[in-house]
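Worksheet: the structure to be examined is printed underneath.
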Amino acid sequence: MNRQAAWELLTEYTKSESLLKHALAVEAAMRAYAGKFGGDADEWGSVGLIHDFDYERYPSAEAGHPFKGVETLREKGYPDFLVKAVLSHAEYSGVPRETRLEKALFACDELCGFITAAALIRPTKSVLDLEAASVRKRMKDKAFARQVRREDIIKGAEELGVDLNEHIAFVIQAMRGVADELGLRGSMES
């Protein structure tokens, strides 16, 4: 597991700035959860970084995400635990989430996108002053970030065995650590 190799694979397949930022957000959340649960931060971070590497080319189950990407990962010799985690993060893959790493990836994926959207509508356009209560309030607004499945955010926290509010706050904190890379420092003072 090598972050540079994971980054190169991601950027070979993904050119969209928003998808790259999503990958960085999920990587940050996964690294934080590795620390919390005693996992290897480099392994967990790499899983977060490349979980959607094929999404730009294959943006749906019908198009082949994540199945086409998994073929590439296997061809390149990525370890089985990483391949299974990438497969299991897609609810429709039929691959059960069994390990803490797999559950954390599922729990962080949709939430990172939702937190990004919630930060970008703030007057500051920053994750630095975003609180979990604000995210929870936005989750009730079905018109806001409607493409994000709230059920997956809730189910992810449940599967991971963490309180939803604590999970949201934990992921916000992880994303604050990479606010500059995510373009979410906004107008907050550094």
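Using the Cβ-Cβ distance between residue 165 and residue 8 with R0 set to 35 Å, the FRET efficiency works out to roughly 0.45. Short-range pairs are left out: with C-alpha atoms under 8 Å and at least six residues apart, the relative contact order of the chain is 22 percent. Report, as a whole number in µm² per second, the diffusion coefficient that Stokes-Einstein gives for segment 12-110 at 4 °C and 1.567 mPa s using the Kirkwood radius over alpha carbon pairs. Stokes-Einstein gives a translational diffusion coefficient of 98 µm²/s.
Cβ under 12 Å from residue 112's Cβ, residue 112 left aside: what net charge do those residues give with Lys, Arg +1 and Asp, Glu -1?
Numbers: positive: 21; negative: 27, 52, 109, 110, 152.
Its environment carries a net charge of -4.
Taking 0.36 nm per residue of separation and subtracting the Cα-Cα distance, full extension of the segment from residue 133 to residue 16 would add 39.1 nm. At the listed q of 0.12 Å⁻¹, the Debye profile of segment 60-129, built from one uniform point per Cα, gives log10 I(q)/I(0) equal to -0.43.
Across all Cα atoms of the chain, the radius of gyration (one decimal) and Dmax (whole number) stand at 15.5, 46 Å. Placing +1 on the Cβ of every Lys and Arg and -1 on the Cβ of every Asp and Glu, with no other charges, gives segment 27-166 a dipole of roughly 560 debye about its Cα centre.
Just the C-alpha atoms of segment 139-178: what Rg/Rh do they give, with Rh taken as the Kirkwood radius? All intermediate terms of the calculation are to be shown ahead of the outcome.
On the way: Rg = 11.2 Å, Rh = 11.1 Å.
Radius of gyration over Kirkwood radius for segment 139-178 works out to 1.01.
Bear in mind that the values in this text are calculations on the coordinates, not laboratory data. Because the structure is predicted, anything quoted here is derived from the model rather than measured. Note that we place each Cβ from the backbone using ideal geometry, even for glycine, and neighbour counts take in every protein chain shown.
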